[in-house]
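Structure first, commentary second.
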Amino acid sequence: MLTNNISGGRMKLLLAALKRIHPPAVYTSRQRCRSSCAGSGLSPVRDEALIVGSSRELVRRLGPQVEVRTGFITEDEEEAFLRELESGLRKKRYEFDHWDDAIHGYRETERVSWGRACEEVLNRVRSVAFPEDSQLLGPVHILDLDKTGYIKPHIDSVKFCGSTIAGLSLLSDSIMRLVKEDGTNEWLDLLLPRHSLYILRDQARYNFTHEILKDEESVFNGQRVPRLRRISIICRNLPG
Ligand code: OGA
Ligand code: MN
């Protein structure tokens, strides 16, 4: 996100420089997509790593600050979110035309209070992603990317968001790319299966841009990952 005005107004992302030159070498981490990937469309890449990067050292160093938990929500829980969100989202139009936006082909909303099923999931997210004494950003951010939509490299506003970003992926698998901001060509690709939760913390959140690849570029470790319409539900904490 990131808003100039959290309580209203359009969410404006702070863009960071775009870097797309990646060395071909790929190193994988120990986080793997186990049987819980079965609910996603990703059966061919089951048992493959969920995080690959430009060097073994980077994967090792950044690994603890990047998590992908597959099968974090069930099909029923996904449906509960869609039931709560679809009517509100449908009233909005996907935004395609703002060339300076960090997101292309999206609509978004935020929500403070949820029905029981969704609140239960969100409490699970909060308990695994944030330290117990963490002050959370009240509204949860909902981002609906059209099939042709994508998120350009950016770093979430340090003014409004703290050290941790946690997001659920609904409706589609996708690839999140982290690129070191200082131009050293360090990068990680995260495979985010549908129904998974990702968590970015600390340096992974402050020193690396993150982006969601467009369908045409959605290739993870040599494997094509079709990008459909994707809804993410994002929780953040407040700056310390
Ligand atoms: C954002 C963002 C990632 C996602 O809204 O700032 O990076 O998973 N979203 O949708
Ligand atoms: Mn972001």
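The values are calculated or read from the model by the stated rules, or taken from the named source; none is laboratory data. Since the structure is predicted, the reported quantities are computational estimates derived from the model, not experimental observations. Note: ideal-geometry Cβ built from the backbone for every residue, glycine included; neighbour counts use all protein chains shown. Surface areas here come from the heavy atoms of the whole protein model, side chains and all, with no ligands, DNA or RNA. Shrake-Rupley method; radii C 1.70, N 1.55, O 1.52, S 1.80 Å.
Which log10 I(q)/I(0) values, to two decimals, does segment 45-111 give at q = 0.14, 0.28 Å⁻¹ under the Debye formula with one point per Cα?
-0.80, -1.12
Explain nothing, just the number: dipole magnitude of segment 82-240 about its Cα centre with +1 on each Lys and Arg Cβ and -1 on each Asp and Glu Cβ, in debye rounded to the nearest 20.
Numbers: 24 positive and 25 negative charges, 113 e Å.
For segment 82-240, the charge dipole is close to 540 debye.
Of the heavy-atom accessible surface of segment 109-227 (probe 1.4 angstrom), what whole percent is carbon and sulfur? Write down the numbers at each step before the final one.
Working: 2020 of 4310 Å².
C and S fraction of accessible area: 47 percent.
Given R₀ = 35 Å, FRET efficiency for residue 109-residue 133 by Cβ-Cβ distance, to 0.05?
Details: r = 28 Å, r/R0 = 0.81.
According to the calculation, E is roughly 0.80.
Heavy-atom accessible area per residue, segment 50-93, 1.4 Å probe: how many Å²?
Roughly 53 Å² per residue, with all protein chains present.
Given 20 °C and 1.002 mPa s, how large is the Stokes-Einstein diffusion coefficient of segment 77-207 in µm²/s, with Rh as the Kirkwood radius over Cα pairs? Walk me through the numbers before you get to the answer.
Numbers: Rh = 16.2 Å.
Diffusion coefficient, whole number: 132 µm²/s.
Compute the length gained on full extension between residue 124 and residue 97: take 0.36 nm times their separation in residues and subtract their Cα-Cα distance, giving the result in nm to one decimal. Numbers along the way, then the final one.
On the way: separation 27, 0.36 × 27 = 9.72 nm, distance 3.61 nm.
Full extension of this stretch gives 6.1 nm more.
What net charge is computed for the residues neighbouring residue 215, neighbours being all others with C-beta under 9 Å from the C-beta of residue 215, Lys and Arg scored +1, Asp and Glu -1?
Local net charge: +1.
Sum up the charges of everything whose Cβ sits under 12 Å from the Cβ of residue 76, counting Lys and Arg as +1 and Asp and Glu as -1, but leave residue 76 out.
-4
How much length would be gained if the chain were fully extended between residue 158 and residue 206, taking 0.36 nm per residue of separation minus their Cα-Cα distance, in nm to one decimal?
Taking 0.36 nm per residue and subtracting the Cα distance, the gain is 16.5 nm.
Mind ranking 161-172, 64-75 by how tightly packed they are, going by the mean number of other C-beta atoms within 10 angstrom, highest first?
Top of the packing list down: 161-172, 64-75.
Set the Förster distance to 25 Å, then compute FRET efficiency between residue 90 and residue 117 from the Cβ-Cβ distance, nearest 0.05. It would help to have the intermediate numbers written out before the result.
On the way: r = 20 Å, r/R0 = 0.81.
Between residue 90 and residue 117 the formula returns 0.80.
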